[in-house]
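Just so you know, all these numbers are worked out from the coordinates, no wet-lab data involved. Predicted model, so just to flag it, every value in this text is computed and none were measured. Glycine also receives a Cβ, built like all others from the backbone with ideal geometry; neighbour counts cover every protein chain displayed.
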Amino acid sequence: MVLQQMGAWVGEELPRLNTAILRDELPVDALREALRDEVMPGLPAPDRFTPAEARRMLVHLGFIGASVGRHYQERTPGGKQTPGVAFEGLVAGGDEIPFRAYFAAMADRTGTGHDHRDSYASLVRWNVGTIEVRLGEDLLAVLPGEFNDGRIRTYTGTGGEERFFALVKKGEAIELAVNDLLEPLTAPGTRFDSEDAVSRVRTAAVLLQALRQLFLDFAALPPEQSMPAEHFMDVFRQFAVHWTPGDIPPSGALDPEALKRDFLLGVAIDDYDRHVRRLFPGLLSDERAALEALMARPTLPQQMAASLGVDLAALPDAGPAEVRRLLSRQPVLADWYALLAAHARAAGAHLMVSKKFLFKPQQRRDAEGVGDRLLVSNRSGTTGMTETFLERLTRARREHVLAPLRRGVSAETANTTIAGGVRSRTGRAAPVEVLPVS
């Protein structure tokens, strides 16, 4: 009953209050007063919840905490420097547990190692319903959600926020399918020229093409069918405030499947592992462990090359004729080249979406003298990634270890190699589908 009541309040009343406060139709304290009067007193102790119930509660509490934090910091001089003050006086249940302590205990109750603030996991993965990835009749991946009500919780109740959350989770589901195909190849003794290995690589490349298309399709939609850039910058992102100085706000940069894929396929940036470890507080325990394990291994292209006797260090100096001879001796290299090229193109599409909805609009504002938001800067991602850093990452993915093979592999050849090797169980060419589970 508590979960149902909390769900109804967060689904209806919280967006109404947030919108009214942002429009100056209600005073900034209206949300805190409603929480003190209607929500917080009736909350049971965290140990009364099962881990699954605690995950659902954490989604609700995350939206509440982000909303309280935003309104305080946005309307209080110096509030950005004292974020914890926002939660003073908000206590839960008969024991009057302070809000942040209650959130932390609920996070611990999930058993996932969840941060003691809202995160990518609670905001996106647990919030949005279960997503399946299919290739024809074949089910490739299932990314569960914690709710089966068909709803997506948001800050202000807009369709744009719902669509953006759904986009991010669909992207993660495709990435999960890619990683599920590729991770078994890290096992010792893998035959990289086997039929199974080649099939996995080709299917993963097709999925990455589908990921790229997902981003391109969203960016091509008119604002009323995606999300207006102004809403993304001035409303949606401004809820990604700090709860304590230096903590990690939720962000698509914390998508663990994207991070895993980078370490599976390789990114030629020396300090990339340091960058990813900086994000660890915002990840779950099993995600941190999986990334640590991948960081400690050679990348899949390195393992593949060693297994097949290919000297990666010699590739940059190989001429077109030598590259063609190498591809003739080891045709599987064309499949791996196509996979890494698809990985780079997907990253390029993500960068394009970031430019459209964030960096270019902010550059126009800067040129017009409008400036930046004081709460959450629109000159970088919420985890601090600038446009320059994202461009650097995209270039590093494009200049992968097999990039010299482009002298002997045309785009048409690579695409034909992939498409020709991907079939469903029926043996027919199969489309990739990313579907919500009703």
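Numbers for the structure displayed
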read-out: Relative contact order (percent, whole number), segment 17-83, Cα cutoff 8 Å, 6+ residue spacing; value: 29 percent
read-out: Where trypsin sites (Lys or Arg not before Pro) in DSSP loops with at most 11 other Cβ within 10 Å are excluded, longest remaining stretch of the chain; value: 24-424
read-out: Straight-distance crosslink candidates among lysines, where the alpha carbon sits under 17 Å from K169 and sequence neighbours closer than 8 are dropped; value: K260
read-out: Cα long-axis angle, helix 256-265 against the chain (0 to 90 degrees, to the nearest 10); value: 20 degrees
read-out: Most fluctuating residue given options Q73, Q81, Q303, as computed from a GNM of the chain linking Cα atoms under 10 Å; value: Q81
read-out: Added length on full extension, which subtracts the Cα-Cα distance from 0.36 nm per residue, R407 to A321; value: 30.1 nm
read-out: Residues with amide H under 5 Å from that of I97, placed H, sequence gap 5 or more; value: A92
read-out: Per-residue Cβ neighbour rank within 10 angstrom, fewest leading, M233, M227, M1, M57; value: M1, M233, M227, M57
read-out: Distance (nanometres) between label positions extended 7 Å along Cα→Cβ at A296 and D234; value: 5.0 nm
read-out: Principal-axis tilt of helix 99-109 within the chain, Cα atoms, nearest 10 degrees; value: 40 degrees
read-out: Distance (nanometres) between label positions extended 7 Å along Cα→Cβ at M352 and R191; value: 4.0 nm
read-out: Choice from L340, L294, L22 showing the highest fluctuation, given a GNM over the chain with Cα pairs closer than 10 Å; value: L22
read-out: GluC sites (Glu not before Pro) within segment 312-419: DSSP coil, no more than 10 neighbouring Cβ in 10 Å; value: E368
read-out: Within a Gaussian network of the chain (alpha carbon springs, distance under 10 Å), most fluctuating of L333, L405, L315; value: L315
read-out: Using alpha-carbon coordinates, inclination of helix 285-295 to the longest axis of the chain, degrees; value: 30 degrees
read-out: The chain: relative contact order as a whole-number percent, Cα under 8 Å and 6+ apart; value: 20 percent
read-out: Gain upon complete extension [D138, R398; 0.36 nm per residue less C-alpha separation]; value: 90.6 nm
read-out: Label-point gap, in nm, between A367 and A52 - each point 7 angstrom along Cα→Cβ; value: 5.3 nm
read-out: Residues T186, T154, sorted so that the one with the fewest Cβ neighbours within 10 Å comes first; value: T186, T154
